[in-house]
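Asks: Structure provided below as structure tokens; questions to follow.
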Amino acid sequence: LKIRRCDLERPKSGRSALPLPSGHMDFAITAPAVVFAKEFGRASDFVPVGSVQKRSHCASHCSVAHFSVAVITTSICWRARRAESTRHSIRTCRARLYSFSGLGGQSGANPKVVAKSAHVSDQHEVGIGMRVFGISDIHTDWAENLARLEGLPVGPFLSDALLVAGDVSHDEAIFARTMRALRARFAEVFFVPGNHDLWVGGRGMPMNSLQKHAWLLKCCVDLGIRTAPVRFLREGLVIVPLLSWYHAEFDREPDIPDGAWPRALARRQRRFALLGDEVGCSWPEELGVDRQQRNFALAELFDAANDQPVPAADFVAPSASEQGTKPETLSFEEALAARQRGETVISFSHFLPQPELLPEKRFLFLPQLAKAAGSIPLQKRVERLQPALHLFGHTHFAWDQELPPGGGTRFLQAPLGSPREWRTRRRTMHLEGGLPALLWRGHAANCPMPAQRAAVWSSYYAAKLRQPLSSEVGPWIQMAGAFSRRKGAGLSPRSRLAGPSAVGSAEEGIDEIAIAELDVASAPASATLWFVWNIDRTTGHLQRSVLSRQERARALTLKSVGARRRFIWMRSALRCLLSEQLGIPPEALQFDIGPFGKPSLRGPSAAARRCTFSVSHSGSLGGILICSANPEVGAEAALPVGLDLERHRVRPFASLARRFFLSSESNSLRDVASDEESQAGREIAELQAFFEMWTKKEAWLKALGVGLNSAGPGLKGLDCSTLGEGTHASFSFLVSGERSDEVRPYFVRPLLEVPSGYSAAVALPHGTSLQIESLSAIGWPHLRRKK
């Protein structure tokens, strides 16, 4: 037996893989050869079937490297009488292994190697079966999205089906190009139009949106794309596309009171009340002028189209010799009858078939999305059909949930979305397993339906009940409101940068505050600042279970209940976030404590070299800054970073300034106070100026790993007298216990994306990209899921 394993390839420049969660899994090929492949990195959900079996439970998730799928080939010397059958089985195993990464792992694929599997086009012959993948909202108007889809290898999916749940492109040429690219890579491609596909540019265009809908369906027929129900008899599978449109009556949960929202966000919501479809779409006047009335008429119109007989041009009855091997086009009633006979049904639509598939309004930046998300006629149709799985799109929230729990339909959303969304809210976009999502493994698999995947919102609602009557908005909305107030005070969004071309911002939600565009791939390091909310609340088992014995003992020594809660929240959050970053169980992480109390990963492991962090908390808010080196630009080790977060409170500012500040900083503090006419204005100006300078100094000292009273140039070597500006600094740092001879430039800057009543600053290596995210009780079920 001879086994050869090719090296892992990193993605080619300009075609990076989608972000995926951490984890690893073992694979084995059982017959005729035994191949063991163990990859560490980010997960992609594929469980081989037939001749390829998984070493653990068949319903668990599998793993590939973040940057590519491992290409594994086997070369086996057998006796002459077994040679031909062995080569046939090896080709099958090789083809399956080439293809298990999906869209998330195609970037590093070797086209010469992948081409070898192109001839394995009929996996039905070897009993593996047809796989079904799903994706939504691919928006190939973005060149990056189109490149990702066209970068899928030709060959591995030639026996598989792909379901595209709407929103491909509003441009006819790009739509046709996208569907040709997918049709060339998959044996079957299914499609339903989304709202963006029906954009025509507004009124006065030569084609209205209903005519555009008819054009899309005709284009699909010409390209061989399926838009009607189809039965695969050998698979025992029926795929049912469902046409739909949204309307306001679908939203049956109460609106959030205006007083619960920050005032700036309330104004922003009113500005965005007119959704893009009102501008991009054009409808016949017969449907009505009133928007609400027209949308309900459209919802009924598109739903009724699902009952129309299949056009003769689309219906192809298989001959007697083709029975069981050729797909058969069905009507909806025939698909319903097939489900009643026990065949598996997978349906898909663009819009939501259940209101529970959208986060509550108090968690959305644009709560009016609930009135433009789903359809009651679609809901009734899906309830009548009772599919095993329903794929949907539109909201750009990754989702995988069974409703009702314990035997209902499984609802899944696998959005590609826009490149900007992957930068600004990648956690709520990400579905564990990568894209396109595997929906069906094939009839020969022990478990044809893959295991349920983790996603932030569906994981949260699997553990928590909806509270539509609650007026407690999400913490990230409070933070966005605070930033809007500061922005209105005359601070430019560009001033948020922690370097000349370094920083972005993100919140968990459906929309994002505008960020500065940056090239994260070229940055020497990337950092993420996590705001941890409500750390003064009662902790639970999820938080305490990840702490070490020493940490639990330390928590008991803290006299204050609030101090114990803050310590447990922050240390458990740090462990879970580092675990997700490094792919190491949170309980297995070990820390060293520096002479001034700064924790660091215990080295000299590779994880300790490629990741550094800094922690700070004040009041009910905490912050965790995690920095990772970018090996793509030659950075082998992450440099130290610093973060300080302070809640505003009255302190003896003049006394502290004389003790810890430079003379220029003390003068600046006095000048700020003297510029205000009233006593209250002077106190507020002095408080804000003091904490801005203080947090910059603390962040710099934390990067150095020293204290306020330590010897050296740390405290006196940083002049923070210029308010609202970043400060340049530099120092030599420690790598693997030895001091580097190279002096590294740093940039120390206050942050604006903090709640009202707080100040924060970061110290980062020059050019580091920064992402800002939120962690609250909502993220914990997803963070502590079983890997």
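Asks: Grab the eigenvalues of the alpha-carbon gyration tensor for the range 537-636, scale each by 5, take roots, and send me the semi-axes largest first in whole angstrom.
Replies: Semi-axes from the Cα gyration tensor: 26, 14, 13 Å.
Asks: Would you mind telling me the share, in percent, of accessible area of the range 528-574 contributed by carbon and sulfur at probe 1.4 angstrom?
Replies: Taking all protein chains in place, the range 528-574 shows 52 percent carbon and sulfur surface.
Asks: With labels modelled as points extended 7 Å from the Cα through the Cβ direction, what inter-label distance (nm, one decimal) is found for residue 172 paired with residue 207?
Replies: Modelled inter-label distance: 0.3 nm.
Asks: Among rounded, prolate and oblate, which fits the range 339-379 when a ≥ b ≥ c are the square roots of the eigenvalues of its C-alpha gyration tensor, a/c under 1.5 means rounded, and a/b larger than b/c means prolate? Please report the intermediate quantities before stating the final value.
Replies: On the way: a/c = 3.71, a/b = 2.86, b/c = 1.30.
Taking the square roots of the gyration eigenvalues as a ≥ b ≥ c, the range 339-379 is prolate.
Asks: Take peptides 247-253, 609-615 and line them up by average Cβ neighbours within 10 Å, highest first, as a rough protection proxy.
Replies: On the way: 247-253: 18.0, 609-615: 21.4.
Put in order of decreasing packing, that is 609-615, 247-253.
Asks: Cα centroid distance between the range 542-590 and the range 385-440, in Å?
Replies: After rounding, the separation between the Cα centres reads 31 Å.
Asks: Evaluate the Debye formula for the range 278-437 with equal point scatterers sitting on the alpha carbons, no solvent, and hand back log10 of I(q)/I(0) at q = 0.10, 0.12 Å⁻¹, in q order, two decimals.
Replies: Rounded to two decimals, the profile gives -0.49, -0.69.
Asks: Could you tell me what percent of the accessible area of the range 330-454 is made up of carbon and sulfur, with a 1.4 Å probe and every protein chain present?
Replies: Of all accessible area on the range 330-454, carbon and sulfur atoms account for 49 percent.
Asks: Can you tell me the length gained on complete extension of the stretch residue 593 to residue 147, counting 0.36 nm per residue apart and subtracting the Cα distance?
Replies: Details: separation 446, 0.36 × 446 = 160.56 nm, distance 4.60 nm.
Using 0.36 nm per residue and subtracting the Cα-Cα distance, I get 156.0 nm.
Asks: Shape verdict for the range 420-468, please, from the Cα gyration tensor: rounded (a/c under 1.5), prolate (a/b greater than b/c) or oblate.
Replies: The shape class here is oblate.
Asks: Using a 1.4 angstrom probe on the protein heavy atoms only, line up 334, 665 by accessible area, largest first.
Replies: So, going from the largest accessible area down, we get 334, 665.
Asks: Find how much the distance from residue 542 to residue 386 grows on full extension, using 0.36 nm per residue of separation minus their present alpha carbon separation; answer in nm with one decimal. Let's see the in-between values first.
Replies: Numbers: separation 156, 0.36 × 156 = 56.16 nm, distance 3.48 nm.
Once the chain is fully extended between residue 542 and residue 386, it gains 52.7 nm.
Asks: Now for a different question. Would you mind putting 365-374, 458-467, 236-245 in packing order, based on average other-beta-carbon counts within 10 Å, highest first?
Replies: 236-245, 365-374, 458-467
Asks: For a quick protection proxy, order the peptides 675-681, 774-780 by their average other-Cβ count within 10 Å, most packed first.
Replies: 774-780, 675-681
Asks: Right, next: Want the number for residue 307 to residue 184: 0.36 nm per residue separation, take away the alpha-carbon distance, what's left?
Replies: The residue 307-residue 184 span can extend by a further 41.3 nm.
The values are calculated or read from the model by the stated rules, or taken from the named source; none is laboratory data. Bear in mind the structure is a predicted one, so any value in this text is a computation, not a measurement. Virtual Cβ from ideal backbone geometry, glycine too; neighbours counted across all protein chains shown. For the accessible areas, the whole protein counts, side chains as well, though only heavy atoms, and no ligand, DNA or RNA atoms are used. Shrake-Rupley method; radii C 1.70, N 1.55, O 1.52, S 1.80 Å.
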